[in-house]
1. Would you confirm whether or not the stretch 6-19 contains a residue that is assigned to a loop (DSSP other than H, G, I, E, B), of a type outside the set (Asp, Glu), open to solvent by 70 Å² or more (accessible area, probe 1.4 Å) and out of contact with any strand residue (DSSP E or B) (no Cβ under 7 Å at 6 or more places or on another chain)?
2. Restricting the first residue to the stretch 1-16 and requiring it to be of a type outside the set (Lys, Arg), which pairs with a second residue that is open to solvent by 100 Å² or more (accessible area, probe 1.4 Å) meet a Cβ separation below 9 Å and a spacing of at least six or different chains?
3. Could you check the stretch 39-68 and list, in sequence order, the residues that are among the basic types (Lys, Arg) and in a strand (DSSP E or B)?
4. Can you tell me which residue in the stretch 24-47 is nearest to the chain's Cα centre (by Cα), limited to those that are modelled with pLDDT under 75 and open to solvent by less than 60 Å² (accessible area, probe 1.4 Å)?
5. Can you tell me which residue in the stretch 48-68 is farthest from residue 19 (Cα to Cα), limited to those that are open to solvent by less than 60 Å² (accessible area, probe 1.4 Å) and small (Gly, Ala, Ser)?
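The values are calculated or read from the model by the stated rules, or taken from the named source; none is laboratory data. Only a predicted model underlies this, so the values are computations on that prediction, with no experimental measurement involved. So basically every Cβ, Gly included, is an ideal-geometry build from the backbone, and we count neighbours across all protein chains shown. Remember, those area values only see protein heavy atoms, side chains included, never the ligands or the DNA or RNA. Shrake-Rupley method; radii C 1.70, N 1.55, O 1.52, S 1.80 Å.
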Amino acid sequence: MEIPHNQLSRETLLAVIEEFISREGTDYGHREYTIDEKVEMVKSQLISGKIKLFFDTETSSCNLVKTD
């Protein structure tokens, strides 16, 4: 189920984003970015609707998914 990012507390949203960017294989291009820079990039994509937050009730996990 889709969860609007603005319905999460700031701390919860930050934890979801940090968990997402810490996954192995997350690629941000040729340049190395700091954690803070990556968090801001993901937040920006959430706000613009380029990615959405989903919660899977079967696995009790969150995932950020790119939208078209």
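1. Step one: filter the stretch 6-19 for residues assigned to a loop (DSSP other than H, G, I, E, B), giving 8-9.
Those left that are additionally of a type outside the set (Asp, Glu): 8-9.
Those left that are additionally open to solvent by 70 Å² or more (accessible area, probe 1.4 Å): none.
No, the stretch 6-19 has no match at all.
2. 5/47; 6/47; 13/6
3. Result: 52, 66.
4. 26
5. Within the stretch 48-68, the match that is farthest from residue 19 (Cα to Cα) is 49.
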